[in-house]
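I have placed the structure first, in the form of structure tokens, so that the comments after it can refer back to it.
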């Protein structure tokens with residue numbers, strides 16, 4: 001009777017215990033990111049589907065703007081398309097918390113809380129995922145506008161998408177935070193979502209210039225981070241990478257990201 | 001009734017898998033303090049299959065949620081799979097498998113993808129995860145739906161996926177919270193076959209909650225009865241039934257007078273011409289009683305004998321029937337949800 005024989009017979013009946021390794025934040029974040037991205041890879045059409053709204057604005061609101069501008073198609077698109085990009089980032093990431101909300105109700109989120117994953121990674125991995133659909137959708141919107149006279153500046157677009165990605169991570173994290181605090185109250189999630197989204201959109205100068213609006217609107221726009229983002233995207237997509245507006249947009253995006261990830265991680269750590 | 005089965009050859013040491021002392025959880029709900037779990041002590045040995053039985057709202061799930069590190073206890077301590085739930089929650093999480101009341105798979109995820117993600121969650125390597133996922137898909141009969149989205153699965157398929165997810169890292173201890181609730185009888189039986197199979201082939205320690213009496217009775221080696229946040233009985237189903245409930249024997253006579261006369265001899269409750277008596281070993285006593293009563297001129301017209309159920313045990317312990325409680329479920333998660341509010 002040798003030791004090896006005993007060991008192997010035990011292994012044969014039990015099966016080896018899985019090599020469960022200690023995990024770290026970066027590894028966990030990557031794991032969560034991969035899981036969250038899989039449905040997108042499996043069903044890429046869902047990314048296109050959420051483009052309906054921005055494309056409707058581009059196709060139905062755009063002509064009105066062009067008419068108001070006296071028929072200057074190219075000039076209007078140059079002004080309007082960056083705003084639509086911000087709309088893509090805003091609407092796409094604002095509702096992402098609904099997925100988490102649903103997973104909290106089914107029990108799938110609970111499963112991830114029992115797994116040996118860092119709580120912060122559960123939030124950050126999800127928020128980082130937002131970058132994937134955002135980049136694809138933003139690129140499609142720009143490409144759709146090109147045949148109509150939109151002048152594409154590649155470095156500007158890349159920089160613009162990068163700034164949007166930073167903002168999207170932050171805004172997605174805020175949406176997850178909202179989901180975590182609403183728990184099983186779907187109505188509350190959608191109420192906050194609807195109440196905030198449209199004022200944020202209109203008061204950013206995304207659809208119409210705010211210069212002609214009343215003073216209070218201009219004050220509201222001045223404290224709306226999206227205004228800076230819209231201004232920065234307009235400069236970047238025009239190829240004006242050195243514009244002072246770009247700095248403002250970067251600050252707004254980084255601030256949104258920092259606040260979103262901070263409150264999101266805090267909410268996830270408290271989750272049970 | 002199988003008690004400890006002799007198939008746990010791989011667990012030669014008899015270490016405790018779960019030890020809890022004075023585990024307590026109180027919630028604040030609408031200005032009131034609710035004591036969901038009150039000073040629970042429990043011990044589960046390596047390789048045991050223990051059922052936590054009790055009505056909805058008894059505190060079973062809350063206890064389970066504390067043991068699985070989902071909920072911090074208000075007071076008390078517990079060691080699960082060798083790790084302290086307060087000081088080493090990560091250690092507990094690495095070693096246990098947990099199947100909650102809900103559906104564990106993400107609704108838009110595919111079955112196989114979820115299993116792969118789960119392996120990565122537990123730090124398993126890519127190749128190991130793939131092999132293990134394939135093995136579980138095979139053994140839990142998920143092959144047909146492996147490439148389908150979770151939301152397209154039937155209730156029974158979802159539950160089997162939940163079990164597969166809970167087992168991906170071959171945990172030494174598996175927690176199952178109401179594993180068969182909401183399943184049709186066929187899926188329930190099928191799920192139990194899988195769980196019994198898992199036990200036989202791996203000797204995994206299983207700790208589960210249920211409010212199905214027959215489930216606890218037939219499958220668990222030990223039953224802990226919980227009511228109003230406290231464990232009120234803890235033994236094998238057989239011992240609980242024989243010590244707390246006893247057999248129920250009814251004897252019917254030709255008249256109420258005869259029944260009363262019989263009751264004064266044997267003892268028991270009478271209802272018209274029917275006498276009911278609860279006694280241990282009632283099956284053996286019945287023929288003797290009929291003979292003795294006949295000798296005394298009291299003819300038994302009809303007789304029934306019923307073995308006790310765990311419901312009788314619950315009735316004896318609390319004065320309430322578990323069947324009635326189960327019929328009008330009080331959602332336990334409502335209390336749990338108020339926890340962090």
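The values are calculated or read from the model by the stated rules, or taken from the named source; none is laboratory data. Quantities reported herein were computed from a predicted structural model and do not represent experimental measurements. Note: ideal-geometry Cβ built from the backbone for every residue, glycine included; neighbour counts use all protein chains shown.
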Please go through the range B:29-53 and pick out each residue that is on the phi < 0 side of the Ramachandran plot and either in contact with a helix residue (DSSP H, G or I) (Cβ under 9 Å, 6 or more places away or on another chain) or not assigned by TED's automatic domain parsing to the domain that holds residue B:226 (or both).
-> B:29, B:34, B:36, B:37, B:40, B:42, B:49, B:51, B:52, B:53
Given A:158, A:114, A:146, A:131, which one is in contact with a strand residue (DSSP E or B) (Cβ under 6 Å, 6 or more places away or on another chain) and free of Cβ contacts under 8 Å to residues at least 40 places away in the same chain?
-> A:114
Please name all residue pairs, on different chains or six or more residues apart, with Cβ atoms under 8 Å, provided the first residue is in the range A:167-193 and is in contact (Cβ under 8 Å) with a residue 60 or more places away in the chain and within 14 Å of another protein chain (Cβ to nearest Cβ) and the second residue is buried (at least 24 other Cβ atoms within 10 Å of the Cβ) and not in a helix (DSSP H, G or I).
-> none
Taking the range B:80-94 on its own, how many of its residues are out of contact with any helix residue (DSSP H, G or I) (no Cβ under 8 Å at 6 or more places or on another chain), in contact (Cβ under 8 Å) with a residue 12 or more places away in the chain and facing chain A (nearest Cβ under 8 Å)?
-> 1
Residue B:144 passes all but one of the listed conditions (1) part of a helix (DSSP H, G or I); (2) within 11 Å of another protein chain (Cβ to nearest Cβ); the exception is number (2)
Can you name every residue in the range B:28-57 that is farther than 25 Å from residue B:194 by Cα, surrounded by 19 or more Cβ atoms within 10 Å (Cβ to Cβ) and at pLDDT 90 or above?
-> B:36, B:37, B:40, B:42
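Conditions tested, residue by residue: (1) away from every other protein chain (no Cβ under 14 Å); (2) part of a helix (DSSP H, G or I).
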{"position": "A:54", "(1), (2)": "yes, yes"}
{"position": "A:57", "(1), (2)": "yes, yes"}
{"position": "A:76", "(1), (2)": "yes, yes"}
{"position": "A:80", "(1), (2)": "yes, yes"}
{"position": "A:84", "(1), (2)": "yes, yes"}
{"position": "A:116", "(1), (2)": "no, no"}
{"position": "A:120", "(1), (2)": "no, yes"}
{"position": "A:123", "(1), (2)": "yes, yes"}
Name the residue, out of B:251, B:293, B:286, B:298, that is over 29 Å from the mean Cα position of the chain (by Cα), part of a loop (DSSP other than H, G, I, E, B), modelled with pLDDT of 85 or more and farther than 30 Å from residue B:177 by Cα.
-> B:298
Of (1) buried (at least 24 other Cβ atoms within 10 Å of the Cβ); (2) in a loop (DSSP other than H, G, I, E, B), residue B:118 satisfies every one except (2)
All-but-one check, residue B:160 against (1) more than 13 Å from chain A (Cβ to nearest Cβ); (2) surrounded by fewer than 23 Cβ atoms within 10 Å (Cβ to Cβ), failing number (2)
Taking the range A:246-272, which residues are within 14 Å of chain B (Cβ to nearest Cβ) and in contact with a helix residue (DSSP H, G or I) (Cβ under 7 Å, 6 or more places away or on another chain)?
-> A:267, A:268, A:269, A:270, A:271, A:272
Consider only pairs whose beta carbons are under 8 Å apart and that are at least six residues apart or on different chains; among these, list those whose first residue lies in the range A:35-51 and is in contact (Cβ under 8 Å) with a residue 12 or more places away in the chain and whose second residue is exposed (fewer than 14 other Cβ atoms within 10 Å of the Cβ).
-> A:40/A:46
Scan the range B:95-109 for residues that are touching a helix residue (DSSP H, G or I) at 6+ places or on another chain (Cβ under 6 Å), at the interface with another protein chain (Cβ under 8 Å from one of its Cβ atoms) and in contact (Cβ under 8 Å) with a residue 12 or more places away in the chain and jot them down.
-> B:98, B:100, B:103, B:104, B:105, B:106, B:107, B:108, B:109
Set B:193, B:184, B:234: member being assigned by TED's automatic domain parsing to the domain that holds residue B:62 and under 26 Å from residue B:22 (Cα atoms) | B:234
Out of all the residues in the range B:48-66, is one or more free of Cβ contacts under 8 Å to residues at least 40 places away in the same chain and within 12 Å of another protein chain (Cβ to nearest Cβ)?
-> no
Selection count where residues are crowded, with 22+ Cβ neighbours inside 10 Å and in a helix (DSSP H, G or I), scope the range A:95-109 = 6
